[in-house]
Amino acid sequence: MAARGVRHFVAAVGFLAVAAYATIYARGWADAPIRSDGYSYYLYLPSALIYHDLTLDAVARDWYDGSYPPFAAIRRWPSTGRWLDAVPIGVAAMMLPFFLVGDALTWWSNFPRDGFSFYYQQAAGLAGLTYALVGLALVRALLRRYFRDGVVLATLVTLTFGTNLFHYATFDATFSHAFSFCLVAAWVLLIERWRERPTAAASLGLGAIAGGIVLTRNVNAVFLLVLPFRCWRELWPRRRALALAAIAGAACLLPQAAMYRFITGSWWVNSYALLGNYFNFATPRIGSVLFSTQKGLFFWSPALLLAVAGAFLARRWPRSFVAATGVTFALQLFIVASWSEWQLGGSFGHRAFTDGFALVAPLFASTFDWAASRPRARALIAAFAALAVLLSIAQMLQYWLGILPYANTTWSQYRTLFLRFR
């Protein structure tokens, strides 16, 4: 049964995700898929392929009388007057095949071919859903190399429904997190295969995935540290393979660098500088990021405590990921906690960490594997995981229904609204 469950898990989640996605938009629980952050990530596609304007001027002129609305992370660069989109081009590049399908369907139908009508909206939303499923398939492939099917199934269920991953595959699918989750899953799996056989194709793939990770969310460059921490013995002997990977990665980053050069005059810039956001490294809000009712990582996803336990229980192969995961998480935590917008706006749970869930999957599995041979521990951990998953699902539905606030939840609000659906 466990083997069948693992084999069909991604398909089952896909069925649930499509049903949830359809329900969300059929019932009006959310605005159109291309909204908020998703709008800024997506904008490159209609600008280039519908309006034939890489400067972003045409969309602003046709839709907003020449100036983008405040929710869009798009501002004019002071010295050049050109539009700068604060988010990079990676998500748009990953959406491209779906955009082309949406464009073809729009051309065939009576909807306006403006980049934002029905088929464009659904193509963008379903792109995020699809990449989340691909990411889960990659995590499954990684875990099945080292763990029994029962452990893999428990890990996949907890990772998908005990965190905000399912939310970012459906409700907020046009945000960057489903795309980044997929890329980080591919990164971790490819590192393992590259360790076994550092072929030219594997090295090029490694570089391309690394470039894609940075292009999707610049701050996710911290995930590139997994390679030196996981493969530190192999780096020097495989320096030629690494050079090939570096060339591939640089080639992926070149379009973004060229765009920054055209817009600002510099090859790389802090694209968020114009939004009024800033870092305060002297007083990071670490406690709030981890435990607060606002967006506390462990407050809203207590299932992740099982991954923390796994860092101490891991043996053999998963043990090799503890240092990489710990360093990556610590850097992410410090950066996010130092950011003036540390809540990252409206979200279910803290979305800054969703991207790296593939990296903590082996730690989840380590906890379940340790408990499997200890009946009392197994019952306790199974009960905790089940309750954490059910709580996460219930609160996700509350968020979808607008019962839970999108941000700035107080303890008083949380207690009053706890598991309320009316």
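Sort out which residues of segment 45-80 are part of a loop (DSSP other than H, G, I, E, B), small (Gly, Ala, Ser) and modelled with pLDDT of 95 or more, and write them in order of number.
If the condition is that a residue be part of a loop (DSSP other than H, G, I, E, B), small (Gly, Ala, Ser) and modelled with pLDDT of 95 or more, then no residue fits.
Name the pairs whose Cβ atoms lie under 6 Å apart, with the first residue in segment 325-346 and touching a residue at least 24 places away in the same chain (Cβ under 8 Å) and surrounded by 15 or more Cβ atoms within 10 Å (Cβ to Cβ), the second of a type in the set (Gly, Ala, Ser) and part of a helix (DSSP H, G or I), and 6 or more positions between them or separate chains?
Val336/Ala352; Leu344/Ala352
Search segment 4-38 for residues being of a type in the set (Val, Ile, Thr), over 19 Å from Val134 (Cα atoms) and more than 17 Å from the chain's Cα centre (by Cα), and hand back the single one that is surrounded by the most Cβ atoms within 10 Å (Cβ to Cβ).
The selected residue is Ile24.
Would you point out the residue of segment 224-267, among those that are outside any helix (DSSP H, G or I) and touching a residue at least 12 places away in the same chain (Cβ under 8 Å), that is surrounded by the fewest Cβ atoms within 10 Å (Cβ to Cβ)?
Filtering segment 224-267 for residues that are outside any helix (DSSP H, G or I) and touching a residue at least 12 places away in the same chain (Cβ under 8 Å), the one surrounded by the fewest Cβ atoms within 10 Å (Cβ to Cβ) comes out as Gly265.
May I ask you to list the residues in segment 229-264 that are over 22 Å from Arg76 (Cα atoms) and among the charged types (D, E, K, R)?
The answer is Arg230, Arg233, Glu234, Arg238, Arg239, Arg240.
Select, from Ala394, Ala385, the only residue that is crowded, with 18+ Cβ neighbours inside 10 Å and not in a loop (DSSP other than H, G, I, E, B).
Ala385 is the lone residue from the list that is crowded, with 18+ Cβ neighbours inside 10 Å and not in a loop (DSSP other than H, G, I, E, B).
Which members of segment 185-205 meet the condition of being assigned to a helix (DSSP H, G or I) and hydroxyl-bearing (Ser, Thr, Tyr)?
Ser203
Anything in segment 394-416 that is β-branched (Val, Ile, Thr) and more than 15 Å from Trp29 (Cβ to Cβ)? List them, or say none.
Correct list: Thr409, Thr410, Thr416.
When you go through Ala407, Ala377, Ala371, Ala358 one by one, which is the residue that is surrounded by fewer than 18 Cβ atoms within 10 Å (Cβ to Cβ) and either of a type in the set (Lys, Arg) or within 28 Å of Phe321 (Cα to Cα) (or both)?
Ala377
It is to be established whether one or more residues within segment 287-294 are part of a helix (DSSP H, G or I) and of a type in the set (A, V, I, L, M).
Looking through segment 287-294, at least one residue is part of a helix (DSSP H, G or I) and of a type in the set (A, V, I, L, M).
Give the number of residues within segment 308-318 that are modelled with pLDDT of 90 or more and surrounded by fewer than 24 Cβ atoms within 10 Å (Cβ to Cβ).
Selection size over segment 308-318: 7.
Does Trp300 satisfy being of a type in the set (Phe, Trp, Tyr) and in contact with a Lys or Arg (Cβ under 7 Å, 6 or more places away or on another chain)?
no
Mind listing whichever residues of segment 10-46 are free of Cβ contacts under 8 Å to residues at least 60 places away in the same chain and of a type in the set (S, T, N, Q)?
Selection gives Thr23, Ser40.
Write out, first by first residue and then by second, each pair whose Cβ atoms fall under 8 Å of each other, whose residues are 6+ apart or on separate chains, and whose first residue, in segment 406-422, is under 24 Å from Leu344 (Cβ atoms) and touching a residue at least 12 places away in the same chain (Cβ under 8 Å) while the second is polar (S, T, N, Q) and in a helix (DSSP H, G or I).
Between residues of segment 406-422 that are under 24 Å from Leu344 (Cβ atoms) and touching a residue at least 12 places away in the same chain (Cβ under 8 Å) and residues that are polar (S, T, N, Q) and in a helix (DSSP H, G or I), the close pairs are Leu417/Gln398.
Scan Ala208, Ala178 and give me the residue that is under 22 Å from Val389 (Cβ atoms), among the small types (Gly, Ala, Ser), part of a helix (DSSP H, G or I) and modelled with pLDDT of 95 or more.
Just a single option satisfies the conditions, and that option is Ala178.
Sort through Ala104, Ala30 and tell me the only one that's of a type in the set (A, V, I, L, M, F, W, C) and either modelled with pLDDT under 95 or in a helix (DSSP H, G or I) (or both).
So the residue among Ala104, Ala30 that is of a type in the set (A, V, I, L, M, F, W, C) and either modelled with pLDDT under 95 or in a helix (DSSP H, G or I) (or both) is Ala104.
The values are calculated or read from the model by the stated rules, or taken from the named source; none is laboratory data. Please read all numbers here as calculations on a predicted model, not as lab measurements. Cβ: placed from backbone, ideal geometry, glycine included. Neighbour counts: every protein chain shown.
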